[in-house]
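Reading through the structure tokens given below for one structure.
The values are calculated or read from the model by the stated rules, or taken from the named source; none is laboratory data. Please read all numbers here as calculations on a predicted model, not as lab measurements. Methodologically, a virtual Cβ is constructed for each residue, glycine included, from the backbone with ideal geometry; neighbour enumeration extends over all protein chains shown.
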Amino acid sequence: MIKSIHPIPAFTDNYIWALHASDSKQLAVVDPGDAAPVVAYMQANGLQLSHVLITHHHPDHIGGLQQLKSAYDPVVYGPEPSGIAGITDFLHEGDSINLFGHVFDILEVPGHTLDHIAYSCQQAGQAMLFCGDTLFAAGCGRLFEGTPAMMVESLAKLSSLDPATRVYCTHEYTLANLKFASAADGTNEDLQRRISREEDKRRQDLPTLPSTIELELATNPFLRCSDSKVVASIADRTGMEPDGPVEVFAALRSWKDKF
Ligand SMILES: [Zn+2]
């Protein structure tokens, strides 16, 4: 089983999630954009890299892969379409993997990139999601390759998971995302309460992650494209009544891109 999950900070605001096995010294990491902090973490904790999980092809998610692979020869899971060098097991929608006794279902979640996948464990009481740059705490990834309709569908897959699912995304963007959320959904009381909690964590230099699906449904404007207040704020801003959640999402995303 997975004993614990820790963030290994990388670059300026990435987290490489480190999953410790309970009955061995084995370690799995998610999206190692840089090898050096992973190696230092393994040495400090006496661990051996056995598995790597990749969500998509961006360099800040795969940059350390070759070095880790040649040094430790882990099993490397990842998506197929972009031909990432070093993946040993290509995964697709509907596949599942067993990691330290937990079953993770593979979800294809295009939008940020076309190859993006997420790893979802829905075991009761231990539900967890590794979703890369698709769903962020209080935000979502930019649309580098996909369309708004694709991203709305991908986010719908994630937001329909068990509300207790812990959400492990890859960046500490939460405070900036909450600032935007407050502009788009300012009268949301759950959101205002969340802002003061997350600001407290950052003042103590703690990660704001993991989040939960329940918290994201209550406070993430990109999951609230059918909420009447979010719709009204988009209508206010654009001067036009949006026609459905995909239009609301597209308007939110382009607003956030310039925010
Ligand atoms: Zn990315």
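Out of curiosity, is MET128 within 16 Å of the ligand (Cβ to nearest atom) and hydrophobic (A, V, I, L, M, F, W, C)? So MET128 does not fit the description; no. Pairs meeting the criteria (first residue in region 6-32 and under 21 Å from THR208 (Cα atoms) and among the acidic types (Asp, Glu), second residue at pLDDT 95 or above and not in a strand (DSSP E or B), beta carbons under 6 Å, at least 6 apart or on different chains) are ASP13/GLU172; ASP31/THR55; ASP31/HIS61; ASP31/THR170.
Among the residues making up region 133-146, a single one is in contact with a strand residue (DSSP E or B) (Cβ under 7 Å, 6 or more places away or on another chain), within 12 Å of the ligand (Cβ to nearest atom) and outside any loop (DSSP other than H, G, I, E, B): PHE136. Of the strands (runs of 3 or more DSSP E) that lie entirely inside region 56-112, not one contains 3 or more residues that are over 18 Å from the mean Cα position of the chain (by Cα) and among the acidic types (Asp, Glu). Scan region 160-194 for residues that are under 12 Å from the mean Cα position of the chain (by Cα) and not in a loop (DSSP other than H, G, I, E, B) and the total you get is 6. Annotation: of all residues in region 218-259 being among the hydroxyl-bearing types (Ser, Thr, Tyr) and without any contact (Cβ under 8 Å) to a residue 60 or more places away in the chain, the one that is nearest to SER159 (Cα to Cα) is SER226.
When you look at TYR15, is it of a type in the set (Phe, Trp, Tyr), surrounded by 18 or more Cβ atoms within 10 Å (Cβ to Cβ), within 14 Å of the ligand (Cβ to nearest atom) and not in a helix (DSSP H, G or I), yes or no? Yes. For region 18-33, give me each residue that is touching a helix residue (DSSP H, G or I) at 6+ places or on another chain (Cβ under 8 Å) and either in a loop (DSSP other than H, G, I, E, B) or surrounded by fewer than 17 Cβ atoms within 10 Å (Cβ to Cβ) (or both). Residues satisfying the conditions are ASP31, PRO32, GLY33.
What is the one condition in (1) more than 13 Å from the ligand (Cβ to nearest atom); (2) over 18 Å from ILE213 (Cα atoms) that GLY111 does not satisfy? For GLY111, the exception is condition (1). The one condition from (1) in a helix (DSSP H, G or I); (2) more than 22 Å from GLU145 (Cα to Cα) that PHE222 does not meet is (2). Restricting attention to region 150-157, does a residue exist that is free of Cβ contacts under 8 Å to residues at least 40 places away in the same chain, within 16 Å of the ligand (Cβ to nearest atom), surrounded by fewer than 22 Cβ atoms within 10 Å (Cβ to Cβ) and closer than 25 Å to CYS225 by Cα? Within region 150-157, not a single residue is free of Cβ contacts under 8 Å to residues at least 40 places away in the same chain, within 16 Å of the ligand (Cβ to nearest atom), surrounded by fewer than 22 Cβ atoms within 10 Å (Cβ to Cβ) and closer than 25 Å to CYS225 by Cα.
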